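Below you'll find the structure, written out as structure tokens, and then a few comments.
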Amino acid sequence: MATLKEKRTCGQRCEDFGRFVWNSDNGTFMGRTPEKWVYISLYYVAFYVVMTGLFSLAIWVLMYTLSPYTPDYQDRLTSPGVMVWPNTYGEEDVTISYNTSDKASWMRMSNILHEFLEPYNDTKQLQCNPYDCTMGKYFIQKSFSAPNHTKWACAFPQSMLGACSGIEDPTFGYNCTMPCVIIKMNRIIDFLPTNSSSSPPYVNCTILSGQKNVDKIEYFPTNGTMDPSYFPYYGKLAQPTYVNPLVAVRFSLVGEKQAKVQCRVVSEKISYENIHDPYEGKVIFYLKAVK
């Protein structure tokens, strides 16, 4: 029967570990001589230098081939989304509800619109976008002729929204039953909404339910048109002062003063029947005024 191996004490184990760290008999440090440690250190230094160089070269080639102004791949953005303000988005739908007799209620809506329209202030727009654009035509720019190697952007002053600009009526009609909403189409770089600038996109709102509760619908600018001069958009770096063209819609609510509304940007190149994206080309919201 084999003899049981003698159990080593803690002191003996510490002595063995110390001999492993430094063996004076063989002149080794942790199992290797100083010469071997120099060789293995040089090997790993050279290895990581080469790996770092290859990684840096790959990143440089990638960045060299990418344009800082235009994304290489944007095939998922074939048609822009549409949003509505006041942006009181819920979990599943947009409900713009307010109480005409409660100042805090309708002031909340008007404050949202004032904050949203702050970049569209007439003075700011004329200072940031002084270029005199030709209305009714696409603003195609092949060179960076604006200051700081940028492209020009057309001004969209708040006053273009007429009665829904918040200038004449700071309440935007929310102190009564004539509320204004603002429709904005999201940006897509180099996107032209129509094949010809002679037929610009426009906003059209239809009442899906509660037709008898809406007496009149008004659009600002006239006919709800988004002028072609605001297209195409060249990106945030190329057009840092660009602002989206807007369309304001004023509803005259009567009867029960509530309705389900669909506002669509009408254009031959903007789809609106994508069941997977309910905000593509259109926005549906509930409008309700209580007293």
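Observations on the model:
- Taking 0.36 nm per residue of separation and subtracting the current Cα-Cα distance, fully stretching the chain between F20 and K124 would add 29.9 nm.
- Segment 82-289 - charge dipole about Cα centre, Lys and Arg +1 at Cβ, Asp and Glu -1, debye rounded to 20: 200
- Two-site FRET efficiency, E115 against S56, from Cβ-Cβ distance with R₀ of 41 Å, rounded to 0.05: 0.35
- Lysines whose Cα lies under 27 Å from that of K137, excluding same-chain neighbours fewer than 8 positions away: K124, K151, K184, K236, K269, K282
- Magnitude of the charge dipole, segment 164-257, Cβ model with Lys/Arg +1 and Asp/Glu -1, debye to 20: 200
- Accessible area of the chain belonging to carbon and sulfur atoms, whole % at 1.4 Å probe: 57
- Stretch gain in nm, segment M107-N223, where the contour uses 0.36 nm per residue and the Cα spacing is subtracted: 39.0 nm
- Within the chain, percent of DSSP bridges classed antiparallel, to nearest 5: 85
- Normalised per residue, the accessible area of the chain is 61 Å², obtained with a 1.4 Å probe and no contribution from ligands, DNA or RNA.
- D by Stokes-Einstein for segment 97-203, Kirkwood Rh over Cα pairs, 25 °C, 0.890 mPa s: 150 µm²/s.
- Ordering G18, N121, A259 by the projection of their Cα atoms onto the charge dipole of the chain, which places +1 on the Cβ of Lys and Arg and -1 on the Cβ of Asp and Glu, puts G18 at the extreme positive end.
- In the elastic network of the chain, a GNM with C-alpha springs shorter than 10 Å, the most mobile of H149, H276, H114 is H276.
- Rg and Dmax of segment 46-147, both derived from C-alpha coordinates alone, stand at 23.9, 77 Å.
- Each pair of Cα atoms in the chain enters the Kirkwood radius, and Stokes-Einstein at 4 °C and 1.567 mPa s then converts it into a translational diffusion coefficient of 54 µm²/s.
- Given 16 as the ceiling on other Cβ atoms within 10 Å, longest exposed-site-free region of the chain for GluC sites (Glu not before Pro) in DSSP loops: 169-255
- Stokes-Einstein D in µm²/s, Kirkwood radius over Cα pairs - segment 156-291 at 37 °C with 0.692 mPa s viscosity: 206
- Here's the picture: charge each Lys and Arg Cβ at +1 and each Asp and Glu Cβ at -1 in segment 31-157, and of Y39, A155, W106 the one pushed furthest to the positive end of that dipole is Y39.
- Loop-located chymotrypsin sites (Phe, Trp or Tyr not before Pro) in segment 139-181 (DSSP state other than H, G, I, E, B) with a sparse environment of at most 16 neighbouring Cβ atoms within 10 Å: F144.
- Among the trypsin sites (Lys or Arg not before Pro) within segment 126-199, those in coil by DSSP and having at most 12 neighbouring Cβ atoms inside 10 Å are K142.
The values are calculated or read from the model by the stated rules, or taken from the named source; none is laboratory data. Being a predicted model, the structure only gives us computed values, none of them experimental. All Cβ positions, even for glycine, are placed from backbone atoms using ideal geometry, and neighbour counts span all protein chains on display. Note: accessible area is taken over every heavy atom of the protein model, side chains too, but ligands, DNA and RNA are not part of it. Shrake-Rupley method; radii C 1.70, N 1.55, O 1.52, S 1.80 Å.
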